[in-house]
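Visitor: First, the structure itself, so that you have it in front of you.
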Amino acid sequence: MDGSRVVRVELDLDENGHAERWDFYTPDRTLEKVGFASRNDGVMDSVAFYDPTGSLERIEVSTRRDGVFDRLEFYADWRLERSQEDTNGDGRPDKWETYRLNTPSTNGQQTYSVASAAFDHAGLGVPTLRFTYGESGEVVLVERDTDGKGLQNQIVGHTTQ
């Protein structure tokens with residue numbers, strides 16, 4: 001609390017003595033973000049951020065659960081669009097993915113497939129290798145950095161169904 005204003009609410013929904021959800025509020029009393037402990041152990045390992053209308057914008061994830069949020073997921077209209085991840089711990093993204101919504105949804109739940117995955121194997125901060133996947137998960141396009149300047153859409157291999 002800040003005077004009579006709620007700043008943060010901690011929830012222990014399973015009553016195990018550890019918070020598994022934290023709601024953070026802006027000065028104008030709107031929900032800003034929600035933190036989660038995926039293992040219900042009091043360790044906040046993901047935070048969901050919302051825009052002023054209450055729509056989900058992004059989720060930051062600490063994949064190692066060490067307080068460093070190394071994976072970012074971006075949403076539009078409550079749908080996962082893309083992500084970026086720092087897999088080697090140098091503080092910069094080196095893996096990028098885009099997603100497609102699977103239809104029809106199973107059991108009313110939205111499920112996604114990876115539409116493309118890109119990687120920075122050279123430490124340039126930009127993709128040096130990218131795979132594009134078809135609707136069935138098959139690789140339909142491979143792009144590779146050929147000049148050491150980052151991926152410039154050079155098509156190295158292309159497969160068709």
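Read-outs: derived from the displayed coordinates by stated rules, not from any lab. Note that the structure is a prediction, hence the values are computed from the model and not measured. Here Cβ is always computed from backbone atoms with ideal geometry, including for glycine, and neighbour counts include all displayed protein chains.
Visitor: Give me log10 I(q)/I(0) at q = 0.10, 0.14, 0.16 Å⁻¹ for the chain, Debye formula, one equal scatterer per alpha-carbon, no solvent.
Guide: Debye intensities relative to I(0), on a log10 scale: -0.51, -0.88, -1.05.
Visitor: By how many nm would the segment from Arg65 to Arg92 lengthen if fully extended, with 0.36 nm per residue of separation less the alpha-carbon distance? Don't skip to the end; give the middle numbers.
Guide: On the way: separation 27, 0.36 × 27 = 9.72 nm, distance 1.75 nm.
Gain on stretching Arg65 to Arg92: 8.0 nm.
Visitor: Using r as the Cβ-Cβ distance of Val142 and Leu101, and R0 as 22 Å, what FRET efficiency do you calculate, to the nearest 0.05?
Guide: Step by step, r from the Cβ atoms, then E = 0.40.
Visitor: Full extension from Asp12 to Thr26: what is 0.36 nm times the residue separation minus their Cα-Cα distance, to one decimal in nm?
Guide: That pair, Asp12 and Thr26, stretches by 2.9 nm at full extension.
Visitor: Let me check I've understood the local charge: for His18, count other residues with C-beta under 14 angstrom from its C-beta, Lys and Arg +1, Asp and Glu -1. What total comes out?
Guide: Result for the neighbourhood of His18: -4.
Visitor: Measure of size requested: the Rg and Dmax of the range 1-64, with Cα atoms as the atom set and Å as the unit; please supply both.
Guide: In Å, with Rg to one decimal and Dmax whole: 12.4, 36.
Visitor: Have a look at Glu143, Glu85, Glu15 and tell me which one the Gaussian network model of the chain (Cα, springs below 10 Å) gives the largest fluctuation.
Guide: Between Glu143, Glu85, Glu15, it is Glu15 that shows the largest mean-square fluctuation.
Visitor: Same structure, new question: List, in order, the whole-Hz ³J(HN,Hα) value for each residue of the range 35-46 obtained from phi through the Karplus relation with A = 6.51, B = -1.76, C = 1.60 and θ = phi - 60°; use x for Gly and Pro.
Guide: In residue order, the calculated couplings are x, 9, 10, 5, 9, 6, 10, x, 9, 6, 10, 7 Hz.
Visitor: Between Ala76 and Asp51, what is 0.36 nm times their sequence separation minus the Cα-Cα distance? Round to one decimal in nm.
Guide: The span from Ala76 to Asp51 would gain 7.9 nm if fully extended.
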